[in-house]
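Since every read-out is calculated from the coordinates, none of them should be taken as a lab result. Everything numeric in this text was worked out from a predicted model, so none of it was measured. We place every Cβ from the backbone using ideal geometry, glycine too, and count neighbours over all the protein chains shown.
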Amino acid sequence: MNREIVLDTETTGLSPATGDRLVEIGCVELINHIPTGRTYHVYINPQRTMPEEAFRVHGLSDEFLADKPLFAAVAEEFCAFLGDATLIIHNAPFDMGFLNAELGKLGRGPLANTVIDTVMLAREKHPGARVSLDALCKHYGIDNSRRTLHGALLDSEILAEVYLELLGGKQVSLALVAESHVSGAAALASFAAAPRRPLPLPPRLTEAELAAHAAFISGLGPEALWTEYAAEEIPTRLSA
């Protein structure tokens, strides 16, 4: 099982070294590159005022964040959600710098997860092209009309779509995963449920060919898939 977490943060500014803090974390879980529906989302009280420049980016005001938990209160559940999953982050050094700075304030070590930076991934796949999240959405035809302001969970959901496209497109992955869950028993059930013709088509096989086929199937053993339904079909045709 390949577990990945698409992650984004919002902050009070550009650098934890100058006193900026986290104000929002959003995560989306992928298993084998497919979203599972599990997410992690939290707003965080940064214990400092929100600069106007940052407020214009994400719209999170001092008043809104005043009653939100401190990072110390959510650090354990956040790290538990991440586990040892690979982290998928757009411009990873920025987010990882803030996350590790917050963990450091609590006396905890930095995150040891493997990190994939989708900025670097996009530059490798589209050299010379713009690789902002909005530019990649436009390139791949992903609807980002909800993104009037930056938001960590929304941006993670959008980035998950972009990431799958960077890997080669999500439709193939979805088809393969769906196909892998179709067992022989399910296929037989589907066959049995198919509507029957009012009158069967005239047989195109000779009696000798049908007898040879029946002998071949009988030699496959009782566990063979054919024995699930051939036992009814072949005798009927032989007796016709």
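Among rounded, prolate and oblate, which fits the range 42-180 when a ≥ b ≥ c are the square roots of the eigenvalues of its C-alpha gyration tensor, a/c under 1.5 means rounded, and a/b larger than b/c means prolate?
Working: a/c = 1.95, a/b = 1.46, b/c = 1.34.
Taking the square roots of the gyration eigenvalues as a ≥ b ≥ c, the range 42-180 is prolate.
Can you check what the net charge comes to around Glu102, using other residues whose Cβ is under 10 Å from the Cβ of Glu102 (Lys, Arg +1; Asp, Glu -1)? Intermediate results must be reported in sequence, preceding the final value.
Details: positive: Arg21, Lys105, Arg108; negative: none.
Taking every other residue near Glu102 into account, the sum is +3.
Using alpha carbons only, how many angstrom separate the centre of the range 78-97 from the centre of the range 18-42?
8 Å
Name the long-range amide H neighbours of Val115: under 5 Å, sequence gap of 5 or more, or other chain; modelled H, no Pro or chain starts.
Excluding prolines and chain starts, which carry no amide H, the hits are Leu87.
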